[in-house]
């Protein structure tokens, strides 16, 4: 069966550059291009993929939450983050959340091919200077998909009643989920949970401790 490689990035020119690198590493592969996380999911639903190259910034996804969701749904799929960010904390977070590799968009084509070859061979590929594990990210990763959806709604500033309406659940269920979220994250308030969850963002710097 022909290997399928999915490239999810909303910039056509960069998708073309990635496709060129992929073609050198998987010369017989069928390359599927997606311009959004939804299109990537649709491609995955059509059949197994050898790897997914994933941009963290697309119209329907921003930050590391999309990586967490895809890892939850496709735990055996190697996901390579291809990002404009070169911050060590972002590469470290991607590694901790289960990415198979992290390739900065500023990388040369040779470096991209080297990174993709490492992933193809079952080895991780990350910048040498990426930081160590983050306990807060481990706590966030322990949330269930339903709890992550509610945490995302809290970050948007929605009240319990609004969250219940948006997710078609009771307000009592929302409150129970929030209690569980605060316990798992080790925080005492919604504000502290929002600050801690900011570690999933890519652009903005995050304080060393969201509970300070």
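The values are calculated or read from the model by the stated rules, or taken from the named source; none is laboratory data. All values derive from a computational prediction rather than experimental measurement. Cβ: placed from backbone, ideal geometry, glycine included. Neighbour counts: every protein chain shown.
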For the stretch 92-108, does any single residue satisfy the condition of being buried (at least 21 other Cβ atoms within 10 Å of the Cβ) and more than 12 Å from the chain's Cα centre (by Cα)?
-> yes
Of the numbered conditions (1) surrounded by 18 or more Cβ atoms within 10 Å (Cβ to Cβ); (2) farther than 25 Å from residue 89 by Cβ, residue 180 satisfies every one except a single condition; which is it?
-> (1)
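State yes or no: is residue 30 in the same structural domain as residue 75 (by TED's automatic domain parsing), within 27 Å of residue 152 (Cβ to Cβ) and modelled with pLDDT of 95 or more? Lay out the reasoning, then the answer.
On the way: in the same structural domain as residue 75 (by TED's automatic domain parsing): yes; within 27 Å of residue 152 (Cβ to Cβ): no; modelled with pLDDT of 95 or more: yes.
Criteria not met by residue 30.
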Residues located in the stretch 150-177, provided they are surrounded by 17 or more Cβ atoms within 10 Å (Cβ to Cβ) and assigned to a helix (DSSP H, G or I) | 150, 151, 153, 154, 155, 160, 163, 164, 174, 177
Residue check, residue 147 against (1) at pLDDT below 90; (2) in contact with a helix residue (DSSP H, G or I) (Cβ under 7 Å, 6 or more places away or on another chain); (3) crowded, with 17+ Cβ neighbours inside 10 Å; (4) over 27 Å from residue 16 (Cβ atoms), all met but one. Which one?
-> (1)
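Okay, residues lined up against (1) outside any helix (DSSP H, G or I); (2) in the same structural domain as residue 58 (by TED's automatic domain parsing):
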site	(1), (2)
70	no, yes
77	yes, yes
85	yes, yes
102	yes, yes
146	no, no
